[in-house]
Amino acid sequence: MRRWVWASIALFLVLWLCSLSRAKGADMILRIYGPKKVMDSCLIAQPEKNPPDASSLLARAGRFVSQVELTKSGLIRSVLPVVDTPISVPAVASPSPPAPTESTDIGKVALPPLVAIYNTHTGETYAMTDGVERVKGRGGVFTVATALEKGLRKRGVSVLRSDRIHDVSYAASYLESEKTVREMLYNNPEIDALFDVHRDSKLPRSLATVEAGGTRVAPVLVVVGSDARQPFPTWRQNLAFAKRIADRADALYPGLCRGVRIKEGRYNQFLNPRLLILEIGGVNNSLEEAEAAAELMANVLADLLFEDQNQKKDNPEPPGG
């Protein structure tokens with residue numbers, strides 16, 4: 001009996017220490033189980049096939065002191081909580097879908113490209129408008145992401161949008177947005193590209209506007225993560241996509257894009273080869289300047305995405321390819 005009591009105490013201490021370092025705990029869980037098992041246990045809560053005997057002293061004591069179910073899914077959820085609500089703004093197709101072409105099957109219409117948009121640092125904002133660099137909740141970058149969404153929809157692109165706040169704990173913001181990205185991809189594997197909208201934290205006012213599209217707008221920087229700190233074998237695919245966006249921006253609106261910057265973090269880009277950060281303007285921009293830039297950037301992205309779609313249509317993959 002005494003052994004069971006000490007085992008319960010030891011388990012409680014382990015779970016308590018994990019709760020003090022959620023980021024390390026999450027990394028540990030992902031390394032042990034892998035993304036798919038985490039998705040199965042966290043995103044879609046499934047009952048255990050063989051739950052522990054309710055009369056077990058260890059199970060009862062562990063559940064009581066730690067408030068964690070002593071099963072695989074219970075332990076995983078103690079580090080990565082269950083996502084039990086859908087994305088708040090669902091994907092909505094273009095109001096005017098493209099007409100059938102000769103290459104489409106009779107009765108079928110080619111679906112428009114699908115883009116996912118979210119904000120990891122939801123509280124980032126623009127000091128010229130709000131007087132501060134950051135707010136609690138949804139700041140200027142959320143409004144700019146909305147402008148990007150509206151611009152894409154005007155061009156006929158479907159958009160999946162998340163309005164979740166990911167930076168209540170700033171240090172855990174990428175862990176939180178990772179859950180959103182995984183859910184988006186899990187529920188919508190046909191997503192063509194994902195964009196995490198930020199603003200630059202260091203851009204001085206002297207460099208905060210450019211002439212593009214016939215007006216003064218905030219510049220846009222495309223950010224790509226690398227494998228400098230953690231394994232990320234496919235990061236050059238993200239880089240290639242980022243360079244194509246920058247080149248298209250230069251062709252349509254010279255001066256709008258500040259180019260592509262490679263940074264050491266992964267920024268969840270390891271989850272998809274077409275996931276990128278868009279830093280639209282900087283802390284020293286006004287909200288209006290950033291919104292204007294987002295509208296131009298929507299044209300750039302739509303132009304490239306429809307080009308890719310047409311190439312796929314003209315060069316379909318062979319069976320099994």
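The values are calculated or read from the model by the stated rules, or taken from the named source; none is laboratory data. Bear in mind that the values here come from a model prediction, so they are computed numbers and not experimental data. Virtual Cβ from ideal backbone geometry, glycine too; neighbours counted across all protein chains shown. Each accessible area value is taken on the protein alone, full model and side chains, heavy atoms only, with ligands, DNA and RNA left out. Shrake-Rupley method; radii C 1.70, N 1.55, O 1.52, S 1.80 Å.
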Order V168, V141, most accessible first, counting only protein heavy atoms with a 1.4 angstrom probe.
-> V168, V141
Ranked order, D196, D250 - accessible area, probe 1.4 Å, largest first | D250, D196
For H198, enumerate residues with amide H under 5 Å from its amide H, sequence gap 5+ or separate chain, H modeled in the peptide plane.
-> L278, E279, I280
Mean Cβ count within 10 Å, highest first, over the residues of peptides 232-240, 112-120, 177-185 | 112-120, 177-185, 232-240
Take K312, K136, K154, K263 and sort them by solvent-accessible surface of the protein heavy atoms, 1.4 Å probe, largest at the top.
-> K136, K154, K312, K263
Honestly the range 169-321 on the Cα gyration tensor test (a ≥ b ≥ c root eigenvalues; a/c under 1.5 rounded, otherwise a/b vs b/c for prolate or oblate) is just oblate
Please provide three numbers in whole Å: the alpha-carbon extents of the range 191-281 along the principal axes, with the largest listed first.
-> 41, 26, 18
Running Debye on the range 239-298 with equal point scatterers at the Cα sites and no solvent, what base-10 log of I(q)/I(0) appears at q = 0.23, 0.30 Å⁻¹?
-> -1.05, -1.29
